[in-house]
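What follows is a single structure, written as structure tokens, with notes after it.
Nothing in this text is a laboratory measurement; each read-out follows from the coordinates by a stated rule. Since the model is a prediction, treat every value here as computed from it, not as a measurement.
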Amino acid sequence: MAPDDRALTVSELNGILKQLVDEAFRQVTVAGEISNVRTYTSGHTYFSLKDDRSVIGCVLFADVSRRIDCAPADGMHVICRGRVDVYIPRGEYKLLVHAMEPLGTGTLRQAFDRLKRRLEQEGLFDPARKKPIPQFVQRVGVVTSRDGAALRDILSVLSRRFSGVDVLLYPVRVQGDGAAAEIADAIAYLNRCGEPLDVLLVGRGGGSVEDLWAFNEEPVARAIAASRIPVVSCVGHEIDYTIADYVADVRAPTPSAAAEMIVGTRGDLSERLRAALHRMERGMRRTIDEAQRRLASVRSSRVFRSPAVLFDEKLRHVADLERRCHVGFRQGFTAVRHRVGLAVQQLGALSPEAVLSRGYAVVRSAGVIVRDAALVHPGDRVDVRLSRGAFGAVVEKRMEDGHGH
């Protein structure tokens, strides 16, 4: 190596390569199949773009991702536009994607089927979550192009069938870059703008698969699913089906059909009013008949026919209670008197006078009743109390156990 040959640092080499790549590949268009899709919380998406012999890393930054019409998915064939960038610290190069679109209708069909399966698994097509369209619509929100045939058809039908409906238009692009984001934003705005809308018509006139593709985008589907206002999708012609049709509360085959669906003719309205009036009359008649039946039943009752009978019955009941109280009191008082008399007799029989009257005597020695012959001795003076009178006596001899001592 010659002395004046200076070795490049790795950073210098990568810097030179970056300058060359920046100048040579400032704008490139690359077709390939997407794989290894990874989206981070920052909103940036990283994926690989490959063909049958090679692969290149790609970056889709969050601000770009919000502008494109299709979200990258594994297996999708796309055309990417952007520039090649060299990351100096690692010596890696990637394609910084600025725009992306599906490659061919076959690829569009694959993207449609993938999104449809995923949203169906999440339950966004479930009939149970569909909201009914109000019976009487007064204010309609319309999300479509200001210059499209769809708006003209909707307004024509509404004015012809019933002129009393107010229409609030939110004009959007219905195809091309950014159309899906505008449609989704319009649906969200009409839900929070404070206008008391009864229903939203979201759609456009007919076109190719590519023309209708904005209504197959996930942001539109999720905006429809999140709408608190019932949504009628009306995209294309009768044979055209989009993801929006599956998510919406009602699918109309055309914008004109959507307008006809939400409002009837004056004759239809009159007929509905007559039917409602008839139902009200029948309900009132049933209520009146039931009230009359109950009144007749009350009037025919015994109380209303002979009110004095009920009063007499109550008086007889009170008199009977009074009689039963008196009888019970008398019977109870007689029984008490009888029990008291028996008690008095029993007490009288046990009194000292009664005992003395049967021949018994009370003997006292020195004032103490003598209950045991052993307590007195011959010569002791005792007092004897009889039933009638008393006398004194002197003990001559003492008898114990029936024998004298």
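Figures for the structure shown
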quantity	calculated
Straight-distance crosslink candidates among lysines, where the alpha carbon sits under 19 Å from residue 116 and sequence neighbours closer than 8 are dropped	130
Set of lysines with alpha-carbon distance to residue 50 below 17 Å, sequence-local pairs under 8 removed	94
Candidate aspartates and glutamates for bridging to residue 397, where Cα separation is under 18 Å - those fewer than 8 sequence places away on the same chain excluded	372, 380, 383
